[in-house]
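To start, the structure under review is shown below, and the notes come after it.
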Amino acid sequence: MAVKRNDLCPCGSGKKYKKCCMKKDNAAELQEVKEERFYQQKQALVGKLDDFIHRSVHRSEYFLLESQFKKRTKHQFHESGQSGQGLFHFWLYFFHRYENGLRGIEWFVSEMKGRLKPEEKAMAERWEKLRPQFVQAIDQTDEYVVFEDYFTKQTYHMPNTKEHFPEVLPWMGTIGLLEPINDVYYFNGMRSIHSPKEYEKQIAYVERVAKEKQLDHDKVMTDYFPEILVAPYEEKEEPKKEEKEVTFFTYTFDLAHPKRAEVFLYNDVDLDIKEWTAQHKLLGWVGKIQKYKDSELAEDITIKSLQATLEIEGNQLTFETTSLECLRQFLQKIVTVSGAFTLVNDYEETHRLPKTVEVTQTAVETGENVPDYFTAYASMRIQTSMDMPIPEYNHQSIRQLMDKGESQLVETYLKNAEFHENRFVMQKYSDVTISPDFNTERKALGLPLSPFVTGGEERSSSVQTVLKAKNRETVVLEEDIPTYDRLGFSQETIDAFYTNDMTRFYQEKTEGKSKATERKYRNSLYDIREIMERKNIHSWEECGPDFWENLLTKDIYDLFGGQMYVSNTQYKELVTTVKAFVKWLSKEGKLRYLNDILQAVWRCEEKRKNVASTKQGADGL
């Protein structure tokens, strides 16, 4: 339904349409009409040019030219399904010189200008003056895409319309003919859009031929147009890719005590539950947990790397992983659950894969309002970093390259990555309105910002590793209640984040050990648990060096009413338990800063020894 002059403007400004957006809309509509008329006129003239070439070139010569073009382009476009015929015709019109020394468009104008309408003659004569240029997109607005000529550095504003640009990719480059219309430019004829690295291959080819043949760049770009088209696809002979061996481990267990085994797996914070029904249970062993934050998002994206999968069907468990360390950890875990798991089969299969290939699985968690394509941004950001070695740059990172002054190399790398990531997302997802972020890296490296990044200078993103957290209630078997009782856990504290870790640690350290060892770990863990309850700790993240130092220098004494009530033996057993426990937590991926914590524990030991020595000295006086 059309908006009338005196209606409220649809933009929501509250003004009447005639005093708000009417002029802008009319201008846009007029521009669309002009552009449509331009394309119609252009199409009509191309038809006449094509008819002229077919009439003027003998059929046998035409086929020879087509065969020549295919050979010079190495059949790249005809065999790959690309528009080989369109490029062939484009070459016949604007690049190939016939026996009379004229290019197709020059021949057409010389013989046909008297039979053309004035507007057609003006357009044809304009086409006659066009020369190929290497241009690359360097900026984009709602109205224009700005291209820069590689050799002259002149910029050209081109209308950002679907007719002209079905899609705009950052830093895309091409060799083409630029037709001026009023204050803007249009691509004339066929062009192949290339990534920055492919674009640079074309330029390198032209510069090499110009040097070898002693020709200027314009001459090479016209005479060697077919070869320039295939330059991006010419691959140098690459050295043999390094390979590595990847072993797939598949272990099968019978659940001799199904209920105990299932409860044990259910309570394990390392395992994410994907499905848990009476007939089928599927779990993933979570390795690293990372959060992707982006200034364009109100919510974070969580990506969990899965080191193994566990599947229970009936009373049989299948454990699969490519990590030998993960397999060892799992076997250590289930040993503590006496008689619940019985190994029935183990199978190993080794494959040779390229060294750069990582065999990983991930689980992605996003909010309802996060666009689907942001999972791709998060995954790509996690897989790459400024410190990641790059094989093609002799395994140097972009940060190392910058430190060596190779800023141009880094620019090409980042532009190429931005081009490909945008193209991947546009091809896979519909309605992509926010670009991936490359400006955070550029700011960190001191490089100019990309104008193609949504949010510009304000855009920022980051990846942070987070510790695993307990996110489901603990299930306790009746026969395990005495273990929880021995460590002081009650019905109110059974779901504390540290409950399962403490009980597992206790079971691992005391299984089959002496009564004295059991008593040491039981008493020390009982004290640690009580201190954690008093301090209202909510996660292992809060248990840094200061926490453990306070526990050993203040909290343990407060718990018993003073330092004089904590014997040296009790203190020594507590310190031994703390050391073993923090190492265990660190190995489980639940505690950071292990070395700092152990240093803090050592300081506490020394302080206790000094106090004891001083007391003994005073007693001896």
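In 10 Å bins starting at 0, how do the alpha-carbon pair distances of the stretch 350-436 split up by percent? The calculated distribution, bin by bin, is 13, 37, 33, 16, 1. Would you please give the residues with an amide H less than 5 Å from that of TRP276, counting only those at least 5 places away or on a separate chain, with H modeled from the backbone geometry? Excluding prolines and chain starts, which carry no amide H, the hits are LEU282. When the listed pairs LYS333/LYS587; LYS201/LYS428; LYS42/LYS162; LYS333/LYS468 are checked against a 21 Å cut-off, the alpha-carbon distance exceeds it for LYS201/LYS428. FRET efficiency for the GLU111 to GLU167 pair, using the beta carbon distance and R₀ = 45 Å, is estimated at 0.70. Across the stretch 324-333, coupling constants 3J(HN,Hα) worked out from phi with the 6.51/-1.76/1.60 Karplus curve, θ = phi - 60°, read 5, 5, 4, 4, 4, 4, 5, 4, 5, 4 Hz, and Gly and Pro carry x. Shape class of the stretch 268-406 from the Cα gyration tensor (axes a ≥ b ≥ c, square roots of the eigenvalues): oblate, since a/c reaches 1.5 or more and a/b does not exceed b/c.
For VAL466, the residues 5 or more places off, or on other chains, whose built amide H falls under 5 Å of its own are ILE289, GLN290, LYS291. Overall, the ratio between the Cα radius of gyration of the chain and 2.2 N^0.38 Å, rounded to two decimals, is 1.41. Round to a whole angstrom and tell me the spacing of the C-alpha centers of the stretch 314-342 and the stretch 374-452. The distance from the Cα centre of the stretch 314-342 to that of the stretch 374-452 comes to 40 Å. Note on ARG423 and LYS288: their simple-model spin labels are 2.8 nm apart, each label 7 Å out from Cα toward Cβ. Peptides 535-547, 110-122 ranked from most to least packed, by the mean per-residue count of other Cβ atoms within 10 Å: 535-547, 110-122. A quarter of the convex hull surface defined by the alpha-carbon atoms of the stretch 478-620 gives 9.3 nm² as the mean projection. Rounded to the nearest Hz, the phi-derived 3J(HN,Hα) couplings of the stretch 215-225 under the Karplus curve 6.51 cos²θ - 1.76 cosθ + 1.60 (θ = phi - 60°) are 10, 7, 4, 4, 5, 5, 5, 8, 6, 10, 4, where x marks glycine and proline. Pairs spanning more than 25 Å between alpha-carbon atoms, out of LYS288/LYS535; LYS520/LYS590; LYS288/LYS554; LYS70/LYS121: LYS288/LYS535; LYS288/LYS554; LYS70/LYS121. Taking amide H as placed 1.01 Å from N in the peptide plane, the amide H of VAL145 sits under 5 Å from that of MET158, ASN160, each at least 5 places away or on another chain.
How long is the gain from ALA204 to TYR39 if the chain were fully straight, where each residue apart is worth 0.36 nm and the alpha carbon distance is subtracted?
In short, 56.0 nm is gained.
The simple Förster model, with R0 at 22 Å and r as the Cβ-Cβ distance, assigns ASP480 and ARG519 a FRET efficiency of 0.70.
Full extension of the chain segment joining VAL364 with SER490 gains 41.9 nm, where the gain is 0.36 nm per residue of separation less the Cα-Cα distance.
For the peptides 133-141, 400-408, the ranking by mean Cβ contacts within 10 Å, running from highest to lowest, is 133-141, 400-408. Couplings 3J(HN,Hα) of the stretch 53-60, computed from phi: 4, 5, 6, 8, 9, 4, 4, 5 Hz, in residue order, whole Hz [Karplus 6.51 cos²θ - 1.76 cosθ + 1.60, θ = phi - 60°; x for Gly and Pro].
Each Lys and Arg Cβ is given +1 and each Asp and Glu Cβ -1; about its Cα centre, the chain then shows a dipole of about 900 debye. Taking only alpha carbon atoms, the stretch 368-523 gives an Rg to Rh ratio of 1.25, where Rh is the Kirkwood radius. The protection proxy used here, the mean number of other Cβ atoms lying within 10 Å of each residue, ranks peptides 172-183, 510-521, 341-352, 598-609 as follows, highest first: 172-183, 598-609, 510-521, 341-352. Taking each DSSP H run with n ≥ 4 as -39500 (n - 2.57) and averaging over every residue of the chain yields -14000 deg cm²/dmol at 222 nm.
Across all directions, the shadow cast by the convex hull of the stretch 23-233 built on its C-alpha atoms averages 12.7 square nanometres.
Throughout, read-outs are computed from the coordinates displayed, never taken from laboratory work. Keep in mind that this is a model prediction, so the values were computed, not measured. Don't worry about glycine lacking a Cβ; one is built from the backbone with ideal geometry, like all the others, and counts go over all protein chains shown.
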